[in-house]
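Q: My structure is below; once you've seen it, I'll send some questions.
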Amino acid sequence: MVWGLRRFRRALLFGRFQPFHRGHVGIARWALGEAGFDEIVFLVGMASENYTPRNPFTAGERIEMIRLSLRDEGIPLDKAITATIHTLETSVGSVHYVLSYVPRVEVILTRNPVISRIFMDAGIKVVQPPLFNREEWRGEVIRGKIAQGDSSWREAVTPSTAEFIEEIGGVERIRWAHSRD
């Protein structure tokens, strides 16, 4: 993309961010550093689902976690754009719909093979970001630890995000959602 006289690079990171964790922060740091992007668009998916075991947090809460995490890690907020999109079917037709919810992007950053395929089939460049401590820094693992009362979940998110999750009753919400599952 070219705006004015300068080449501008923007990447899309599409995810549920349930919760936004240190692995996501690692991708942001990598994208803005080594990969050379100027901005990242964080698209919060499944925005219409919350208070469930898989999606316990609202879209607004996830946006707040993104901003808190980036601030904790010294990543300038002017490098991040956040947007939300409701729960969609996964299809090639969805790609153009997704892209209508965000500013122009050069690539999508994803390791999800289905998402990769549909974006590639729609002509969008896909870049696979590196993994960052995937065994521990993964939403499913973090939510599981919270549900089981394992306080080590706090190490997988930034301090402000951990505090925020506790402040909004997120720990109790996850335990409640898992007890009903």
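Every number in this text was worked out from the coordinates using simple rules, so none of it is lab data. Keep in mind it's a predicted model, so treat the numbers as computed, not measured. We place every Cβ from the backbone using ideal geometry, glycine too, and count neighbours over all the protein chains shown.
Q: Using r as the Cβ-Cβ distance of I81 and S179, and R0 as 25 Å, what FRET efficiency do you calculate, to the nearest 0.05?
A: That gives a FRET efficiency of 0.10.
Q: Would any residue of the stretch 55-84 have its amide N under 20 Å from a label point 7 Å out along Cα→Cβ of D38? List them or say none.
A: 75-83
Q: For R180, R117, what's the fewest-to-most ordering of other Cβ within 10 Å of each Cβ?
A: Neighbour counts put them in this order, fewest first: R180, R117.
Q: Computed on alpha carbon atoms, what radius of gyration and Dmax characterise the chain, expressed in Å?
A: 16.3, 56
Q: Under unit Cβ charges (Lys, Arg +1; Asp, Glu -1), what dipole magnitude, rounded to 20 debye, does the stretch 2-180 have relative to its Cα centre?
A: Using only the charged Cβ atoms, the result is roughly 420 debye.
Q: Of all beta bridges DSSP finds with both residues in the chain, what is the antiparallel percent, to the nearest 5?
A: In the chain, DSSP labels about 10 percent of beta bridges as antiparallel.
Q: Just add up the charged neighbours of R111: K/R +1, D/E -1, any other residue whose Cβ is under 15 Å from the Cβ of R111.
A: Once all neighbours under 15 Å are counted, the net charge is +3.
Q: Put +1 on the Cβ of every Lys and Arg and -1 on every Asp and Glu Cβ in the chain; which of G36, M120, S160 then has its Cα farthest towards the positive end of the dipole?
A: Result: M120, furthest along the dipole toward the positive end.
Q: Given the -39500 (n - 2.57) contribution per DSSP H run of 4+ residues, what per-residue ellipticity at 222 nm results for the chain, rounded to the nearest 500 deg cm²/dmol?
A: Mean residue ellipticity, 222 nm, calculated: -12000 deg cm²/dmol.
Q: Set the Förster radius R0 to 45 Å, insert the Cβ-Cβ distance between N112 and E172 as r into 1/(1 + (r/R0)^6), and round the FRET efficiency to 0.05.
A: It comes out at approximately 0.90.
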